[in-house]
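Note sheet for the following structure.
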Amino acid sequence: MRLRTRRVALCGLLLALTLVLGYVESQIPVAPTIPGVKLGLSNGVLIFAVYMLNIPTAFVLMALKVVLSGLMFSGFNAIPYGLAGGLLSLCVMAGLSRVKGLHPVVVSMAGGLMHNVGQVALAMVVLGTPSLMYYMAILMAVGLATGAVTGVAAANVMRHLKNLR
């Protein structure tokens, strides 16, 4: 029972952390001339969850983060796009995390890339605008770069937490 309570408390803390990081990144203009570009700071928390907790927990954290941050910060219309990007990203990260020898930074980069692919693909379907494919090239480069940054941060946190055990 005590272990279950700790796990629930940890998940609550991680969810709060993803929401705070999401809010902080919404206040940082990474590339004001390119709409939709974000740092993806909360991706680091999801990578942590994939590696240090389990994949179902990571999916629950992602879904709660998308819905709650959509309701609190960006509006209801952002939720489907966040879910599309989050689901594709997390599916790829979950699969790649099981590949032996693949570093979490590479997994995070793939996650950042797939998050943008998921969101743009949904926008192409909803808006009926295939020309958004050109915009995806820019977002893919950004996703790789931001995925690398969050992956390095998550890998360092995981390395230090393993030493604490």
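The values are calculated or read from the model by the stated rules, or taken from the named source; none is laboratory data. Bear in mind that the values here come from a model prediction, so they are computed numbers and not experimental data. We place every Cβ from the backbone using ideal geometry, glycine too, and count neighbours over all the protein chains shown. Each accessible area value is taken on the protein alone, full model and side chains, heavy atoms only, with ligands, DNA and RNA left out. Shrake-Rupley method; radii C 1.70, N 1.55, O 1.52, S 1.80 Å.
Structural remarks
- Scope segment 2-14; condition over 17 Å from M158 (Cα atoms) and among the aliphatic types (A, V, I, L, M); matching residues: L3, V8, A9
- Just one of the listed residues (T57, T33) is farther than 15 Å from A148 by Cβ and without any contact (Cβ under 8 Å) to a residue 12 or more places away in the chain, namely T33.
- Residue match in segment 127-145 (condition: modelled with pLDDT of 90 or more and in a helix (DSSP H, G or I)): yes
- Filter result for the condition that a residue is closer than 18 Å to L15 by Cα, touching a His at 6+ places or on another chain (Cβ under 7 Å) and not polar (S, T, N, Q), over G70, G143, G85: G85
- Helices (runs of 4 or more DSSP H) fully within segment 1-92 counting 3 or more residues that are open to solvent by 40 Å² or more (accessible area, probe 1.4 Å) and over 21 Å from L113 (Cβ atoms): 2-26, 55-69
- Residue that is modelled with pLDDT of 90 or more, open to solvent by less than 30 Å² (accessible area, probe 1.4 Å) and more than 17 Å from L46 (Cβ to Cβ), where the choices are A123, A110: A123
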